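Only one structure is covered here, and it is reproduced in the block below.
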Amino acid sequence: MIEKKPAIELVEKDSIPSEAKLPTVHGDFQIRVFHESTTGFDHVALTLGDMAGPDPVLIRVHSECLTGDALGSLRCDCGPQLDSALKTIVERGWGCLLYLRQEGRGIGLHAKIQAYHLQDQGADTLDANLMLGLPADGRDYSIAASMLLALNIPSVNLLSNNPNKKEQLEQYGIHVAGLIPLVVGVGDQNRSYLETKVERMGHQIEQSQLDEN
């Protein structure tokens, strides 16, 4: 596999470090904000423990989902995945969660809601994006690789069902020792959405995991 260096430079804003303690319902994290100069977006890393350990660090690379993460939408599994990832990291006692500003699989909030409208008319989650002239998944994980390297995390165990996320991180120079499934939040409102991810986007979720929820 061809390895590429992360294409995005990360800088901290101003002279005061953008880093602080962040107590959560799951446990106490350290929060650090990274500013992406090419887009103006701020991305967040939550860390627990010493990232310089000898073993691969347990990480979750989570793309922003306003509807799922903040509003409790049942159309996706994003909110439960975020919650479960933080809980798992705390239970493990060591890990990192990256929160990336890549709403709607990289198409933005406005287009995401347009895609929802098309899904209401019968399109699946992949075709809805394509009908808008947008990629099925436009996320670029070079930003995540840059953040991991800035945090001195070259090797990870990745909490994800998405093999493309693993492949991109490896292309950008991160060693992914393992892909750990994160199947939570399955329900009647999002089962078809998840089945499309499995059947058309290669996500590693067993049918039995969809049926039993």
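Within the range 130-180, track down each residue that is of a type in the set (Ser, Thr, Tyr) and surrounded by fewer than 17 Cβ atoms within 10 Å (Cβ to Cβ).
Result: 155, single match.
How about the range 3-38: which of its residues are part of a loop (DSSP other than H, G, I, E, B), modelled with pLDDT of 65 or more and either crowded, with 16+ Cβ neighbours inside 10 Å or touching a Leu at 6+ places or on another chain (Cβ under 9 Å) (or both)?
24, 25, 26, 27, 37
Filter the range 120-131 for residues that are of a type outside the set (A, V, I, L, M), touching a residue at least 24 places away in the same chain (Cβ under 8 Å), within 18 Å of residue 189 (Cβ to Cβ) and not in a loop (DSSP other than H, G, I, E, B) and give the result.
Matches in the range 120-131: 125 only.
Quick one: is residue 69 under 12 Å from the mean Cα position of the chain (by Cα), outside any strand (DSSP E or B) and of a type outside the set (A, V, I, L, M, F, W, C)?
So residue 69 passes the test.
Test residue 111 against the stated conditions and say whether it is touching a residue at least 40 places away in the same chain (Cβ under 8 Å) and touching a helix residue (DSSP H, G or I) at 6+ places or on another chain (Cβ under 7 Å).
When the stated conditions are applied, residue 111 does not pass them.
So which residues in the range 39-57 are part of a strand (DSSP E or B), closer than 30 Å to residue 112 by Cα and over 13 Å from the mean Cα position of the chain (by Cα), if there are any at all?
42, 47
Could you list, in sequence order, the residues of the range 144-188 that are of a type in the set (Ser, Thr, Tyr) and not in a loop (DSSP other than H, G, I, E, B)?
Of everything in the range 144-188, those that are of a type in the set (Ser, Thr, Tyr) and not in a loop (DSSP other than H, G, I, E, B) turn out to be 146, 155.
The values are calculated or read from the model by the stated rules, or taken from the named source; none is laboratory data. Computed from a predicted model, the values in this text were never measured in an experiment. Note that we place each Cβ from the backbone using ideal geometry, even for glycine, and neighbour counts take in every protein chain shown.
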